[in-house]
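Notes to accompany the following structure.
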Amino acid sequence: MDNTVYWNAYLVRLFIPLDILLILFMITGVAGNGLVIYIYGLKMQNVKDGQYFIPYLAVADLFASVICSLFGLLTTLMPLTYEFDILCKFGWLLSSGTTFMSVFLLVSIAIQRYMKVCRRKGTMMTLKWKRIIIIGAVFLSAVLAGPSVVTYGSIPFKSINRNVTGMICGKITGTVSIVYDIVMVVGVILCCGFLIVPYCLIALKTHRYLKKEVQSRSELQKRRKNEKSENQNTQSSISTLDNEYSIPVQSNEQRSNESVIDLDNNSLSNYSTIIKKQALKIRKKNLRLINKITKIFMIITLIFLLCSLPKITITILETLTPNFWENTTDFERLVLMFVHQGYILNNIANPFIYTFFR
């Protein structure tokens, strides 16, 4: 027991850098996501269609950053004396639930972006369906996080290197845990597919549109150049004819009638040109806004994948490798804990992305 207490105190000191990082995660997550909720949820009068999910995602990220950071702090402050089984179970339940909520919202945003960009003439998400998606995301998060109260708890931990036994908050081995992990892996693969495929199709659609836009601009420039050269040839031929032949003098009434007709034609032509320019300007503005919002969510999704995949990898290794944590050294455990807690970055990075693209 004395060896356990000594080793626990040593690990607490070893995990101090991780504790500082988790506290910074919590403060940054509350400040950043709280600001997003205030701006998009309370301050803005008219939230655009593409920004509907932003305040809900910020709420999920705020809760996730606080709950996951606090849960991580409890793990690092009691690395070998985690005897509170209920606290461990509810910690996993709440952290899993908030994380799943954020994931489902990101998937919903990816599908909405795909419908907005790639199927503009098709059916769009109405306000009713968006609310149904929010409720469905909450329900699915609760359903998927629920089994964690069975698969996780306070379990004995024996160091093979030190021959010391303690208690940690970890995975309870058994058939239920294996089935739950398989379901989680399948769910993660599906979510990654629903996140990656729509944005790949969006990128392909945007590339084709930009390519078409460049071609149309080059054709327009060629057409204008040809018209200009034709006008110059016509003017030169007219001036040559004027020099060779005498042109009859028109009466004042004929001149005034022709000038009125020319003015009418010019005004109609100018009005048509102005209307076309305004329509093109509005189209470019809308396209720029759609591209900006799409870029925001593409970067958010990329950060989510980069932050979550290491944790998913460690979870799979825990399931496939017997005595995974028991065989690690103290330094390896610290590194793995850093990597494992890195997924919280996903919950605090989003506000900075909104600010950068604002």
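The values are calculated or read from the model by the stated rules, or taken from the named source; none is laboratory data. Since this is a predicted model, take the numbers as computed values, not measurements. Positions of Cβ are backbone-derived with ideal geometry, glycine not excepted, and every protein chain shown enters the neighbour counts. Areas reflect the complete protein model, heavy atoms only, side chains present, ligands, DNA and RNA absent. Shrake-Rupley method; radii C 1.70, N 1.55, O 1.52, S 1.80 Å.
Want the number for R120 to I16: 0.36 nm per residue separation, take away the alpha-carbon distance, what's left?
Roughly 32.3 nm would be gained on extension.
Let's test the formula: R0 of 45 Å, r as the Cβ-Cβ distance of F324 and R208. What FRET efficiency results, to the nearest 0.05?
My answer for the efficiency is 0.45.
Per the Kirkwood definition applied to all pairs of different Cα atoms, how many angstroms is the hydrodynamic radius of the range 116-208?
17.4
Subtract the Cα-Cα distance of A142 and I23 from 0.36 nm times their separation in residues, and report this length gain in nm to one decimal.
40.2 nm
Rounded to a whole number, what % of the accessible area of the range 127-211 do carbon and sulfur atoms account for, probe 1.4 Å?
77
Within the range 316-354, find all residues whose amide N lies under 20 Å from a label point positioned 7 Å from the Cα of K43 along Cα-to-beta-carbon.
Under cut-off, by backbone N: 348-354.
Tell me which trypsin sites (Lys or Arg not before Pro) from the range 1-88 have a DSSP coil assignment and no more than 12 other beta carbons within 10 Å of their own.
Passing sites in the range 1-88 are K48.
Using 7 Å Cα-to-Cβ label points, what is the V149/R131 separation (nm, one decimal)?
The two pseudo-label positions are separated by 3.0 nm.
Sort the range 1-137 into rounded, prolate or oblate with this rule: let a ≥ b ≥ c be the square roots of the eigenvalues of the Cα gyration tensor; rounded if a/c is under 1.5, and if a/c is not under 1.5, prolate when a/b is larger than b/c, oblate otherwise.
It comes out prolate by the Cα gyration axes.
Express in Å², to the nearest 10, the accessible area of M298 obtained by rolling a 1.4 Å probe over the protein heavy atoms while all chains stay in place.
M298 has an accessible surface of roughly 70 Å² with all protein chains in place.
Report the rotationally averaged projected area of the range 1-45 based on its alpha-carbon convex hull, in square nanometres.
Approximately 3.9 nm², given one-decimal rounding.
Kirkwood hydrodynamic radius for the range 69-141: how many Å is it when counted over pairs of different Cα atoms?
Taking the inverse mean of 1/r over all distinct Cα pairs, the range 69-141 comes out at 14.8 Å.
Per residue, what accessible area does the range 78-204 have, given a 1.4 Å probe and all protein chains present, in Å²?
52
Among K43/K295; K121/K311; K43/K205; K171/K295; K89/K116, which pairs are too far apart, with a Cα-Cα distance over 32 Å?
From the list (K43/K295; K121/K311; K43/K205; K171/K295; K89/K116), the Cα-Cα distance tops 32 Å for K121/K311; K43/K205; K171/K295; K89/K116.
Loop-only trypsin sites (Lys or Arg not before Pro) in the range 77-128, please: DSSP not H, G, I, E or B, and at most 10 other Cβ atoms within 10 Å.
When the trypsin sites (Lys or Arg not before Pro) of the range 77-128 are filtered for loop state and at most 10 Cβ neighbours within 10 Å, R120, K121 remain.
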